[in-house]
Each structure stands twice: as C-alpha cells, then as structure tokens.
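Here is the structure we will look at, set down as structure tokens.
What follows is calculated from the coordinates using simple rules that are stated; it is not laboratory data. Note that the coordinates shown come from a computational prediction; the quantities given were computed from them, not determined experimentally. No Cβ is skipped: glycine too gets one built from the backbone with ideal geometry, and neighbour counts run over all protein chains shown.
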There are 2 protein chains.
Amino acid sequence: MRFGRDVYRACHLIGLIAGLAWATQALAQTDPLPSWNDGPAKRAIVAFVNITTDTASPKFVPPAERIATFDNDGTLWAEQPMYFQLLFALDRVKALAPQHPEWKSKEPFASLLKGDVNKALAGGEKAIAEIVMVTHAGMTTEQFEGIVKDWIATAKHPTTGKLFTDMVYQPMLEVLAYLRANGFKNFIISGGGIEFMRPWTESVYGIPPEQVVGSRIKTSYQTTADGPVLMREAEVDFIDDKTGKPVGINAIIGRRPMAAFGNSDGDLQMLEWVPTDRPRLRMLVHHDDATREYAYGAESHIGTFSDALMAQARADGWTVISMKNDWKRIFGFESH
Amino acid sequence: MRFGRDVYRACHLIGLIAGLAWATQALAQTDPLPSWNDGPAKRAIVAFVNITTDTASPKFVPPAERIATFDNDGTLWAEQPMYFQLLFALDRVKALAPQHPEWKSKEPFASLLKGDVNKALAGGEKAIAEIVMVTHAGMTTEQFEGIVKDWIATAKHPTTGKLFTDMVYQPMLEVLAYLRANGFKNFIISGGGIEFMRPWTESVYGIPPEQVVGSRIKTSYQTTADGPVLMREAEVDFIDDKTGKPVGINAIIGRRPMAAFGNSDGDLQMLEWVPTDRPRLRMLVHHDDATREYAYGAESHIGTFSDALMAQARADGWTVISMKNDWKRIFGFESH
C-alpha cells in the first residue's frame, strides 16, 4: 500500500514536472520575440500585431494594407566603425588599384591605398562620391551583382572578424519574421545603395529584391552581342534618405506604411510618414550599449541620433528601443 | 420485367447524361483561359505555366522568381480613340477652366475648350506635356488619388459609353488570374502615369499599388498643420517607356521578368529584357479586329505596332496575339 502510494505519487510528480516542462517549452516556442526583454518596446510590437490582425478587433487591417518599412544601416545590421558599403568600396579600391596607377598620387585614393581612411574621407561627401562612383559604376548591373555577392560571402568585419551578414540584429530578424507571419509585407527603405543590398536581403532578411528601396545611380539600356544589359552610370539618380524616404516609399510602394523602424535623423521623415489615424508602430533603435555593440548619438558622424530626434520621438510618442535594456541578445553569434 | 428494364435503362441513361454534363462542366471550369480560342497563343501560355510550375519539370522555377510584366494601354485595356489618361486630362481641363480665364486665349487650352482636340494636340508632345502638368501637378498625392478615383468611377468611354474600367480585355484578366494562381507576381510596366493607375489596378486587375511601375512626376515632401504631404511638382521624374521599361523594371523590381506582354514599339525593350536562357513568354497583342475593337498598326499615332516590331517578333520567336483570331471575347460586357 505504502509502496503503491509512493509509486502513484512519483508518477504524479513526474507527470507534473513533464507537464511543466512541456508548458515552459510551449511558452518559449510561442514567444515570437525571444531575444527581446519584456518592456515597453516588445509590448508595443506585440500589441500592434494583435490589434491589427485580430478579425474581431475594431482596428483590424486587411493584409494588403499591412506595410512595414525598415531602415537598414544601424537598424537591421550594424554600421560601425563605418557604413559597411563604404568598407566594400574601400576593398574595391584596393582590388582595382593595379588598373589605376594614377590613384597613387590622387586623393582620396592615395590616402586610402596607404591605409589612411580618415585622411581619405577628410574630403567629405565629394571624396565619398568619388570613391562610390569608381567602385559602383562602369559595369553592368549583373557584373555589379556578382561583385557584391563575392564580397558579402567572404569579407570580414574589421573588429569582430565576422561575416557582415552575421552583423545583423537578432531581435530585428525576429520582428521581420513575426510581422511576415502576420501578413505584413516588409520593405527596406535605406539610404544605402539598392543594388548593394538586393543580392543578399532575401536570404538574410527574407526580403525579396522587389521590396528593397535604396539610393540609386542611373542605368542605361544597351544592346550587346550577348543580349541587352543595363550599364551603371556615374550619376546619382535618387538619394533615399531624409525627405527622400517618403518620396521613395510613395514612388515604389504607393502606400503609406503602418510600421516604420529607423535609428537616425535620416529616418525622421519616414516615421512622420506613418499615418496617425490608425494603429501604428514608429520605432527608433538607440545604440546605447557600448559593451555588446556601440554607444553613439548626437556626436556621431554616421547614423546620427540627434537630440532633436529624441525630442520629437518623445513629443510624438514614438518608441525608442534601448539596445542595452530591450535586447536580450544583439547578434545571432552571441552565446546565450 | 420489361418495365423494370426500361426503368433501369432510363436510370442508366440519366446517369450517363448527368455524368457527361458534369464532365463537360468540370472541363469548362478547369479551362483557365475560357475567352481564348485554341491556338498557338493560348497553347504557349498554358505550356509556359505547366513547364515552370511542375516540380517534376527540369525547367521548374521557384515561386520567388516568377515575375510577369504587363504593359497597360492597349495590352490590358483599350487605348482608342486616345489614351484614356489623356481623356482624363481633357476632362480636368474643362473642370478647371473656370479658375483659368486665361485659357480662353491660350493654346492648347483654347482649342480644347472649344472641343477641337485635334487642333489642341497639334502642338505635339509640348502641348500634351502642358496639359498633363496643369492637370496632374500642383496638388498632393492624396488629392490626386481622390480626383482619379472620382473620375474612374463615373467617366464614360466616348464611343462605347462604358466605364473605362469596363474597357479591360477579358482574355488578359484571365491571363493575370491564371498566372497569379500559379504563383506568379504580376507587375504593370506602363508608359502611363503611375498614380493614375494605382487607385484602381487592385480592384480591376488584382495588381496592388506596389506592383505598378509607370511614368512619374517629381514629388516634394512638405509638412503642414495637418501632417506631412507629398506635393506633385510640374517636373518629369521618369518616363517608363521604351528603354525606360527595363530601367524601371530593374530599379523597382530588381529581377528580370520571365513573361512580358506588350502591344507596341514602346514595349520592345521590355520584351528583349526577358532572359532567353530559361522558359519565357514574350507576347504582343495585335489590334487587328476592326469589328469588335479597333484595327491599327504602323500607321497609328498611339500604340504603334511598327513593321519593324513585327519583324523582330518573328525573328526572335515572340508570340503575336491576334485579337481577331485568338480572342473569343474581347470585353467582359459582350454577350456570349
């Protein structure tokens, strides 16, 4: 009798423990944002998805109108010590240098080839434009795609030694997947070059080329013996930054987003462009974690998060995501 | 016994007839292109869909790469007696005339207001550009969308008296639906204005705004007391015609189409831009049915199907769709 009761109790306990374990696992599995700490940012995302996708909700939004837009540099992947596309351009300058002996005595190339990036970039936007034009133009779109694919598959981040596609933010990958699973169409709206992003956004973010909006140079249609090509010309066609973001969203998407994520002054107008007469999500990633990533704000030259932006976020009720407090994990390669 | 056998036979016959009726109906239901006559055009479309979507086919194409592009004027809807967007512009000139007394003595407006469209358009592209700019610019994108929606809901075609959205080609609606049901993403690639099409392409063609590429005027971002707006400026931003079509496809879609449908010289480069190293569908609608629609070709001022285009179609194996022979029905409002 006693033995019987012990066995019964043991079985009961095992069942209870197993049940608890199962429940805990189920709970973990159903959390769509496991890399986010519980807090106002995570709660805002979940509440927004629930209210817009619940057919019983008075704020239900038809799937066709569920548009979400994301800045890329500093929002979906890192942007320090400089924009990754600039690191790509510097690598291209080195690779092309043997064909350009004149670069040895011509700025900004001379300094670059000596490894003095700061001096090369001291020429400001003009220097950057010159570097971009020699590294991004003068080839077909197909050739450029091949160059980007080769680089992104092998080049390493200068301080972490990781592939650049490993430098994406795990919590943002979860937001992309969560929104997509709930019928949202995610678009990248980046100041970066559109054809620098498209070769890898589908495999890394699940965002196909036709949902990528970025800055562009002009292309010209030419027929060759091997068929038609689009040549990349050394002329800017569109800068997808600041007021260019709503302009690009309108030109390419033709609907205003319900959710927009950015991290700098360049994203202000995109967040403003989210209509306020229906459910909305306007979020800014704040780089405030010097230990796990970087801490920079108004003093930064890239990805500037000015005091004015912070003031507008507070005044308009935009949500500031603290990487330090809101993100349990920043990169997928971190142990956890 | 005899009676019994008759009943048996009758039942058998009824069953047979019912079965035949059911089979016929099922066959009709499974024909995805009921408004097409059996012929090379219809067979080319069906063969293309079968070969690209059958997972057992060596030419199977993943859904993400199934991109189809369609010209609009003369391909998806009619374009006679003149482009419908021009009719829209003429209606706008009449509506705006009371606010512009100077138009009474200023061409091309003076002739237009007297009802002499030919004289007004004698000024060529410059006259058309002037008309477009006063009727399409100087308002917000939202205001323009409202104007287009009002017009498209009420304006009637000058000869048929039908709504313009009734002037779409029934066989092409079937192609759009058939491709969509087979995982293709359909895009409009039109020389027409992008914001003239977007307000109605989703309900009429099942093509959402983000899958519409067209000619554009510039927009500028402005903040107002009621929130931000995009003002439509009197400056051309992009002409999505001829070589502009592959340029626009690349800028906005970022993939080359596998299927392309056009009807004029303005579509030549779009059809060339379809890669030839995989299954493809390159089709030109030929307006050769003076009885049921219109017959026009190289002599036409709009939608020109030149002899050179016909020669290239033959040389490169593009399929010419004869509206007269290939289409059982042209418009949905026809009795059948």
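Quick notes on this structure:
- Put the Cα centre of segment A:190-204 next to the Cα centre of segment B:306-336 and the gap is 39 Å.
- Highest GNM mean-square fluctuation among A:218, A:126, A:245, for chain A modelled with Cα contacts below 10 Å: A:126.
- C-alpha long axis of helix A:170-181 to longest principal axis of chain A, angle in °: 80
- For segment A:26-171, a Kirkwood radius taken over Cα pairs fed into Stokes-Einstein (20 °C, viscosity 1.002 mPa s) yields D = 113 µm²/s.
- Using a Förster distance of 25 Å, the FRET efficiency for residue B:178-residue B:56 (Cβ separation, nearest 0.05): 0.80
- Degrees, to the nearest 10: B:2-30 long Cα axis against longest axis of chain B: 30
- When the helices of the protein assembly as shown are scored as -39500 (n - 2.57) per DSSP H run of n ≥ 4 and the total is divided over every residue, the value at 222 nm lands at -13000 deg cm²/dmol.
- Area projected by the alpha carbon convex hull of segment A:280-326, averaged over all directions, nm²: 3.5
- With only Cα atoms counted, chain A has Rg and Dmax values of 23.8, 96 Å.
- Think of each Lys and Arg Cβ as +1 and each Asp and Glu Cβ as -1; about the Cα centre, that makes the dipole of segment B:92-186 roughly 160 debye.
- Where both bridge residues fall in chain A, DSSP classifies roughly 40% of the beta bridges as antiparallel.
- Only Lys, Arg (+1) and Asp, Glu (-1) charged, at Cβ; chain A dipole about Cα centre in debye: 1020
- Net charge of the neighbourhood of residue B:205, taken over other residues with C-beta under 14 Å away and scored Lys/Arg +1, Asp/Glu -1, is -3.
- Take residue B:312, push a point 7 Å out from Cα through the beta-carbon direction, and compare it with the same point in every other copy: 4.6 nm, smallest first.
- The Kirkwood radius of segment A:193-235, taken over pairs of alpha-carbon atoms, gives through the Stokes-Einstein law at 10 °C and 1.306 mPa s a diffusion coefficient of 135 µm² s⁻¹.
- Net charge dipole, segment B:190-238: roughly 80 debye, given to the nearest 20, about the Cα centre with Cβ charges of +1 for Lys and Arg and -1 for Asp and Glu.
- Considering only chain A, the C-beta nearest to the rotation axis that sends A to B is found at A:252, 3, the distance in whole Å.
- When only alpha carbons of segment B:215-311 are considered, Rg and Dmax amount to 18.1, 58 Å.
- Residue by residue, segment B:269-282 carries 3J(HN,Hα) couplings of 5, 5, 5, 4, 6, 6, x, 9, 9, 8, x, 8, 9, 10 Hz when phi is fed to the Karplus relation 6.51 cos²θ - 1.76 cosθ + 1.60 (θ = phi - 60°); x denotes Gly or Pro.
- Here is the size of segment B:123-197 from its Cα atoms: Rg then Dmax, 15.7, 46 Å.
- In the protein assembly as shown, Rg over Rh equals 1.04, where Rg is the alpha-carbon radius of gyration and Rh the Kirkwood radius from pairwise Cα distances.
- Between 0 and 90 degrees, the angle of helix A:307-316 with respect to the longest Cα principal axis of chain A falls at about 40 degrees.
- Each other copy places its own label point for residue A:290 at 8.4 nm from this one, sorted shortest first, where the point lies 7 Å along the Cα-to-beta carbon line.
- C-alpha center-to-center spacing [segment B:28-63, segment A:253-279] in angstrom: 41
- Per-copy distances of the residue A:157 label point, shortest first, in nm (7 angstrom along Cα→Cβ): 5.9
- From the C-alpha gyration tensor of segment B:256-315, square roots of 5λ in Å: 23, 12, 9
- When chain B is treated as a Gaussian network with alpha carbon springs shorter than 10 Å, the biggest mean-square fluctuation among B:86, B:173, B:268 belongs to B:86.
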